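The structure appears right after this line, and notes come after that.
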């Protein structure tokens, strides 16, 4: 049948959302066309039927693309075809990927590709939410094994009221901005930012979003029943009971390794044990249940990893013991420094245990703004953060191949945390870039970047409203038993069930992110994790305050500064001059950058405050004219028999009559001045035609050369 279209509709946040299947991309395993108003997104999902030989991981790939024809636009720049995804597209790919990944059955390793394409955008209804909804719907109607249903939503808090899936315009005035994914029973993923809201307000927003998602999950169940395919059969992995039993012989080795505090030494001990187990398997494959066709090394890695997983988790759940004996709520030792680099405008080094981030802050003008071109239009960012995670930070001998999706995500989280505390543009008209270089990593480097970035900004003299810090929380859960861990290590992240990051000030949360590896967490766990995170954050802020707690009162020498002056809007053209001649001349002569807004605000950027004052005085003079009785240092440009014409400023000239040179009678002007000389003059008069009469002798009589 060419067209077997079926539609399912739900009122979602006061808007009608339609999920359609059976018309587009019918050869995909699952295909859904989502419509809300004039916004439409096509989502397809395809999963391979065979697993590649030797593959031991789940290759899930989520792609999201905003097509410019969706709004009738051409792509800016030389290339007119969509290419590399933007940071915003990458961030949404990650947000869709993260809650889906743990819901595929354990052992399902078939390559799975999700593609979401924005084909129409009406400027109001959010395509990002529709892409998430379409993905889970496509999985629901496909034959791919998946433990759904799952829903997505955005939550805002506008004028004190929680709003589901607000428009982009509404989001400009929100106190909370959350993206949420959840099943019927539990929350799976959270990411967002807030204006220093309390833990209680954040929980209220999470519960609000979850309740709406439950209704969407009901629709997906109906959709799967009426339009879905039967789920495919696949070979579930069978546990190697012999291997698991034999691994008990190595319990003491693992216990000793987990007592080691240093990451690399602990890792080396685990690797040494893995080699030992591999050798024992080679010597007696039958005892370990490993056939001749299977790799002894792979079996050893699997067995040791499972044993470490079991021992570490049980010790935490039953005894409250973490790696190296650290308490559940204990934050590792912290060291902080500022001004660690000579030339950057601001710099800091934040070390927490074996996680270290070197941050720099760069201050500049409009030329430093980051331009973004998307289906939402062209925008400019005057604050942004770049995060780099090079392999040397974890002791790996491999080259750095450029920014990956993980780095984009971590940098975005740190940027959101700090952005909320940046001063208003009206008070601080600068562009600021923060660069965070992870120099060592064992536990959340994104939260380390928040701390280091905050200190670098204050070191640069950027007047942050308040210092910002962040901490990563972990979870170990088995049935109804659970323990929340403060400041998790890399191993605790790898072997645990949750990575929950909270950043903020002493007064509230500014950014939040949660990833899980289980099928959701309860409100009880969420509340405990947020309360524990607050304690950790306040402790870290206290440690940072020992080094720096507020912005330096002034920029360092050499840091560009902006000084502003206001001119009438109808005088903007006069200041710019024909073809920009006048403004260019001022910039070249004084080595400054000048920006003029449509409202007539003139912003001058340079490194010397005295020069900036001189430029502003010049602009004032050009627009309003010189002041009577004011004294100026002028340059002689033309000599006549009756006197000398001088420039008291760029574009402003006047006449010093021969009678105003000296007290005595002047016979020859050339005996007193030459072209290019600098003399002090006083403004005597400005006639109705704008001609300026100047006097040298009123300041200091000139003498013969």
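Only the coordinates and a few stated rules stand behind these numbers; no lab work does. Remember, it's a predicted structure, so these values are computed and weren't measured experimentally. Here the Cβ is made from the backbone with ideal geometry for all residues, glycine too, and neighbour counts use every protein chain on show.
Remarks
- Computed packing ranks the peptides 153-160, 434-441 as 434-441, 153-160, most packed first, by mean other Cβ atoms within 10 Å.
- Percentage relative contact order, the chain, counting C-alpha pairs under 8 Å, at least six apart: 10 percent
- Separation in nanometres of the label points that stand 7 Å from Cα toward Cβ, at residue 268 and residue 371: 5.2 nm
- Modelled spin labels at residue 507 and residue 627, positioned 7 Å past Cα toward Cβ, are 3.9 nm from each other.
- Whether region 1-145 is rounded, prolate or oblate, judged on the alpha carbon gyration tensor where a/c under 1.5 counts as rounded: oblate
- Considering only alpha-carbon pairs that sit under 8 angstrom and 6 or more positions apart, the relative contact order computed for region 6-227 is 21 percent.
- Cα-derived Rg to Rh of region 241-325, Kirkwood definition: 1.00
- Long-range Cα-Cα pairs in region 375-501 (distance over 20 Å), rounded percent: 53 percent
- Label zone at residue 340 (point 7 Å along Cα-to-Cβ), backbone N below 11 Å, region 495-534: none
- 15 Å cut-off, amide nitrogen to a point 7 angstrom out along residue 309 Cα→Cβ, residues in region 87-111: 102-109
- Relative packing of 217-223, 686-692, which averages over residues the other C-beta atoms within 10 Å, highest first: 217-223, 686-692
- Residue-span extension gain [residue 143 to residue 18] - 0.36 nm each, minus C-alpha spacing: 42.9 nm
- Using every pair of separate Cα atoms, the Kirkwood estimate puts the hydrodynamic radius of region 587-705 at 15.4 angstrom.
- Between residue 607 and residue 400, the FRET efficiency from the beta-carbon distance, with R0 = 41 Å, is close to 0.80.
- Inter-probe distance in nm under a simple model that places probes 7 Å from Cα toward Cβ, at residue 292 and residue 171: 6.0 nm
- Alpha carbon centroid spacing (whole Å) that separates region 161-221 from region 17-92: 24 Å
- One Cα centroid belongs to region 626-679, the other to region 354-391; the line between them spans 51 Å.
- Translational D in µm²/s for region 561-624 (Stokes-Einstein at 10 °C, 1.306 mPa s, Kirkwood Rh from C-alpha pairs): 138 µm²/s
- Compared with the direct C-alpha span, the chain from residue 259 to residue 680 gains 143.6 nm at full extension, assuming 0.36 nm per residue.
- Net length gained if the chain between residue 659 and residue 229 were fully extended (0.36 nm per residue, minus Cα distance): 144.6 nm
- The simple Förster model, with R0 at 60 Å and r as the Cβ-Cβ distance, assigns residue 74 and residue 252 a FRET efficiency of 0.35.
- Residue 576-residue 328 FRET efficiency (beta carbon distance; Förster radius 45 Å; 0.05 resolution): 0.10
- Per the Debye formula on identical point scatterers at the alpha carbon atoms of region 334-545, with no solvent, log10 I(q)/I(0) at q = 0.07, 0.09, 0.12 Å⁻¹ is -0.22, -0.36, -0.63.
- Over the chain, the pair-distance histogram of Cα-Cα distances with 10 Å bins from zero comes to 3, 12, 19, 20, 16, 11, 7, 5, 4, 2, 1, 0, 0 percent, rounded to whole numbers.
- Looking at region 450-518, the pairs of alpha carbons with a distance over 15 Å make up 59% of the total.
- By average C-beta atoms within 10 angstrom, highest first, the peptides 446-455, 104-113: 446-455, 104-113
- For region 551-580 and region 247-289, distance of Cα centres in Å: 66 Å
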